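Structure first, commentary second.
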């Protein structure tokens with residue numbers, strides 16, 4: 001679980017799954033939501049359009065928080081994957097990514113199986129540490145592949161570099 005913002009000495013920090021962010025002033029926090037087999041382009045928490053890195057920078061995601069609400073597994077092989085693509089295709093929609101790039105090169109190589117492995121749950125929280133770079137002009141997205149009936153929320157934390 002995440003620890004609320006605290007301090008490391010006199011430096012404000014945020015702990016997500018054991019990864020400690022010390023530059024909280026420049027920390028970028030992105031959100032997405034998917035239901036059933038939908039997909040979603042990440043947005044800034046207060047944004048209405050898909051997020052793409054500004055200027056000539058890239059966005060490096062370091063941690064993700066996964067929150068599931070009222071989950072009923074549909075398949076034992078459902079999964080969610082993160083990647084980037086060329087367009088802002090929408091928020092919690094059935095639209096597929098355009099020329100998607102995934103960390104492992106496939107379409108099912110990241111995050112985790114499930115939540116069939118969780119069984120029927122009202123809520124589940126999972127913090128995941130990883131590193132994935134989204135180039136300038138691309139859109140970070142979440143691909144939901146029949147993982148469950150219910151709503152899944154994802155928060156990504158990282159920096160533009």
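Sort 27, 14, 142 so that the residue with the fewest other Cβ atoms within 10 Å of its own Cβ comes first and the one with the most comes last. Don't skip to the answer; put the middle values down first.
Details: 27 15, 14 19, 142 27.
Exposure proxy ranking, most exposed first: 27, 14, 142.
Would you please put 80-86, 53-59 in order of how densely packed they are, using the mean number of other Cβ atoms within 10 angstrom per residue and starting with the highest?
The packing order, highest mean first, is 80-86, 53-59.
Between residue 86 and residue 10, what is the label-to-label distance in nm when each label sits 7 Å out along the Cα-to-Cβ direction?
Going by the 7 Å Cα→Cβ label model, 5.1 nm.
Could you give the length gained on full extension between residue 130 and residue 48, defined as 0.36 nm per residue of separation minus the Cα-Cα distance, in nm? Working shown, then result.
On the way: separation 82, 0.36 × 82 = 29.52 nm, distance 2.57 nm.
Between residue 130 and residue 48, full extension yields an extra 26.9 nm.
Only the coordinates and a few stated rules stand behind these numbers; no lab work does. Predicted model only: the values in this text are computed from it and were never measured. In this analysis, Cβ positions are derived from the backbone assuming ideal geometry, glycine residues included, and neighbour counts consider all displayed protein chains.
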